[in-house]
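To start, the structure itself, in C-alpha cells.
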Amino acid sequence: MRKKKLVAYGLVSAALLFGATAASYSYVSGQNNAVTELGVGKYIVTSNNIISTTPSSEEQRIASQLRTELIEKGENVDESASFNLKPDSSYPAQKIFSINDTTKQSSNLNDETTILQYTVKNPSGVESVRNLYLHKVVTQNGVELVPNNTTATPALIPSPDGGKYLFEDMNSIFTIDTKSLSVTQITQDYVDGYDKNKLHNELKEKEQSLFRATNPVWSLDGTQVSYLSNRTAVDNTSMEIWVIDLLNGTERKVYSSTQPVGTFGWTSTKNLIIWEDSHDGSLYSIKELSLKGETSPALLENVDIKDLSRDGKKLLYSPSRPSKDFWVFDIETKEKHQILSVGTGIQFDPTAKFSPEGDKVVALEFAGTKGERIVYVTDIGVGSTQTFGSSDNEIYTATPDWVNNDTLLLNVEKSGESNAKLISVELRGEANE
C-alpha cells in the first residue's frame, strides 16, 4: 500500500493539517511569517499578484453620513457621485499594490487615472455616452486596468493573455484593448433577423425582460467569446448560448434548451461546459457542448457546480445545496473524487474555487452559529489540507481569493474595523512505498 508523507509549509498558528476527507482535526503550531498583515481597509484581487483597496462597510457608512450632514446644512451634494456614476471623493483614495511572489510583501503601484468613453443604446434605442473610470497600471506583465471602486464601473473580465477586457452594459458586450484603450461593442444589435430594439419595444407591454447578451466568457485562446441570450425565446423561460468569433466578427447561436441553461466556461478541447436546470431549480445537469451544437451525455447529474479550472480540465462541484462536501471531476478521464467534507461544521460557503494552476481548492466553512468561519485549503494532488480559523476578536467578512497560486487574500473584521492579510498556503507532499 502506498502511503503519503505530508509536509506542510507556511502554516499559521491557527493552521491545521489533516486528511482530505477527515471529519475531525487538531490544530498544530505554524510559522509566524506565513501571514502578512495589509493593515486597515478592505482589499480585492484584480489580477495575478495585483490587489486593490475597495470601500469597506465602515467607509461606506462614513461617506453616507457625510453626504447626509451636507444636505442638512443646505450644502450642495454631487448626486452623480453618491449614485456611483463618477468617482466619489467621500471615500479614501484607491490604492493598488503588487505582491512579491517570494516575500509576500506588497508594494504600492503608481497608477494613471483613465476615463474611457463608449456609446450604448437604451431599451428604447436612444444612444448615450458613458464613462468608464479606470486606473491604468504598468506591471511586469504589461498594462493592466483596474476599475475605480467608488463608481458603478462594470466588472472587467481579462482575456487569457491580458491583452483585452470584456464587460457588459445595456444588454450588449464590449471589449477594451489594453494598448490602444479603444472600446468596441462586439455584439450586434441586429442578428439573424432579430432586432434588439424592436424586441425590447415588443416586450414592454408584456412586462418581460430581454437578456440580449449577458454572462460573457473568454475561450482559452482568447479568440472567441460565449454569452447567454434569449433573443429567439422571449416568450418562455429558456435561454440560448451564442458564440462570437473575434477573428472574423461572426455571431451565431450554438445551443438552445427548453430548460434554463447557462455556460460555465471553456474546456481545453475548445468545447463549452454548460449546465441545464434539473427541473426542481436547485441542482444541475452538466454537459459538454461542441461549437457544432452537439452535447455529450451528462458528465454529472444533480450537482451544484462551483468552478472550472483555468486550464479547462477539472470541475469543482458539490452533490448538495447547501454544500456539505466538495468533489473534483476530471473532464478527460471522467474520474471524480471527494476532496473536502464539512465535518462537524454547518455548511460551506458556495464560492469555493480552484487556485490559478488548478492544483488547490479554497473553501470557507460556516463552522458555528456565532459567526465562526474556517478557511480550508486542499492540495488536490497530494491530498493534504490545512485550515485557518479566525481568532476570538476577528470575523472573516469575505470569501478568500487567490492572489497567486500559493497566496490567499483574506478580509477580516477586527473589533469592528476592516483589516486584510495575505496567507501563504504552500503544501508539499511526497509518496513513499
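Read the figures in this text as sums done on the coordinates, not as results from a lab. Predicted, not measured: the structure shown is a model, and the values here were computed from it. Because the Cβ atoms are built from the backbone with ideal geometry, glycine has one as well, and the counts that use them run over all protein chains shown.
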What ³J(HN,Hα) values, in whole Hz, does the Karplus curve 6.51 cos²θ - 1.76 cosθ + 1.60 give for the range 392-402 when θ = phi - 60°, with x put for Gly and Pro?
-> 5, 9, 9, 10, 6, 10, 8, 5, x, 9, 7
Ranked from highest to lowest mean number of other Cβ atoms within 10 Å per residue, what is the order of the peptides 400-409, 124-133, 94-103?
-> 400-409, 94-103, 124-133
Footprinting exposure proxy for H135, H337 (fewest neighbouring C-beta atoms within 10 Å first) = H337, H135
What number comes out for the charge environment of S390, summing +1 per Lys or Arg and -1 per Asp or Glu over other residues with Cβ under 15 Å away?
-> -4
Which FRET efficiency value, to the nearest 0.05, do you get for N141 and T250 by plugging their Cβ-Cβ distance into 1/(1 + (r/R0)^6) with R0 = 25 Å?
-> 0.25
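Among 371-380, 263-272, how do they line up by average Cβ neighbours within 10 Å per residue, starting with the highest?
Values: 371-380: 21.1, 263-272: 18.5.
Answer by packing, highest mean first, reads 371-380, 263-272.
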Whole-Hz ³J(HN,Hα) from phi, Karplus 6.51 cos²θ - 1.76 cosθ + 1.60, for the range 331-338, glycine and proline x | 5, 6, 8, 6, 7, 9, 8, 6
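Sorting check: for 112-120, 58-66, which peptide has the highest mean count of neighbouring beta carbons within 10 Å, and how do the rest follow?
Those peptides, ordered most packed to least, come out 58-66, 112-120.
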If each part is reduced to its alpha-carbon centroid, the range 104-164 and the range 350-409 end up apart, in Å, by 28 Å
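P350: net charge of surrounding residues, Cβ under 10 Å, Lys/Arg +1, Asp/Glu -1, itself excluded?
Numbers: positive: K306, R321; negative: D304, D349.
Taking every Cβ under 10 Å from that of P350, the sum is 0.
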Go through the range 403-408 residue by residue and turn each phi into a ³J(HN,Hα) via Karplus (6.51, -1.76, 1.60, θ = phi - 60°); whole Hz please, and just put x for glycine and proline.
-> 7, 8, 5, 10, 9, 10
Show the residues, 5+ positions off or on another chain, whose built amide H is closer than 5 Å to the amide H of K104.
-> none
